[in-house]
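First the structure, then my questions, so here it is.
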Amino acid sequence: MTRHTLVLGGARSGKTAFAERLALHAGARPAYLATASVLDGEMRDRVSTHKASRGVEFTTIEEPLALSQTIVRAGAQHDVILVDCLTLWITNLLMANEDVATAVSDLYATLTEFRQAKVVLVSNEVGLGIVPDNAMARTFRDLAGSAHQRLAEICDDVYFVAAGLPLTLKGDAPAL
């Protein structure tokens, strides 16, 4: 049975590198589903750095909004799909005036039924710091936290990464 995984952590915590190791260990035909939208030079540099660091083992699929549909399509050709990252996806949905709660519900439903490939979800844990000073940032934080709770419920393994070290919150300790 295919096990889905959620990897949470702060900025520069090592969560993506950990998720990449999980994905490479889990399958022979991994896809890297990138949700970033390149809107400025800084983001272009970040995307280039990410692409260079992950190597040639992954097939890169770029999709900022239609996450559920893209996962299903990718499952026809890949045995593991790494999604990096949910918080960028939520940001993209907010900026496009899409209903984030509905999109998260669609992703939840997709992952509940989807067993063609292992899915490794990466997301920033943004609720550990101070309360944001503006309504949009608070809304984003709340939506991300709700999404994490819903997806952690259906993922078999959930990890929190800090300082490059994974802490198992749910499921099996990583066998890497």
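Taken together, the values in this text are just the output of simple stated rules run on the coordinates, not laboratory data. Predicted, not measured: the structure shown is a model, and the values here were computed from it. Heads up, the Cβs are rebuilt from the backbone with ideal geometry, glycines too, and the neighbour counts pull from every protein chain shown.
In whole Å, what is the distance between the alpha-carbon centres of the stretch 137-162 and the stretch 51-129?
13 Å
Work out the charge dipole of the stretch 5-170 with +1 on the Cβ of Lys and Arg and -1 on the Cβ of Asp and Glu about the Cα centre, then indicate which of HIS25, ASN92, THR168 is farthest towards its positive end.
HIS25
Would you mind ranking TYR108, TYR32 by Cβ crowding within 10 Å, fewest neighbours first?
Ordered by Cβ neighbours within 10 Å, fewest first: TYR108, TYR32.
At 7 Å along the Cα-to-beta-carbon direction for both ASN134 and GLU153, put a label point, then send me their distance in nm to one decimal.
3.2 nm
Related question: With a ≥ b ≥ c taken as the square roots of the eigenvalues of the C-alpha gyration tensor of the stretch 83-176, please select rounded if a/c is under 1.5 and otherwise prolate if a/b is larger than b/c or oblate if it is not?
Oblate.
Compute the length gained on full extension between ARG44 and GLU62: take 0.36 nm times their separation in residues and subtract their Cα-Cα distance, giving the result in nm to one decimal.
Residue separation times 0.36 nm, minus the Cα-Cα distance, leaves 5.1 nm.
Further question on the same structure: How long, wide and thick is the stretch 56-131, going by the Cα atoms along their three principal axes, in whole angstroms, largest first?
41, 27, 21
What FRET efficiency comes out for the pair GLN77/ALA52, r = Cβ-Cβ distance, R0 = 30 Å, nearest 0.05?
FRET efficiency, GLN77 to ALA52: 0.80.
Once you compute Rg and the Kirkwood Rh from C-alpha atoms, what is the Rg to Rh ratio for the stretch 5-170?
0.93
How high is the relative contact order of the stretch 1-76, given as a whole-number percent (alpha carbon pairs under 8 Å, six or more residues apart)?
Computed value for the stretch 1-76: 31 percent relative contact order.
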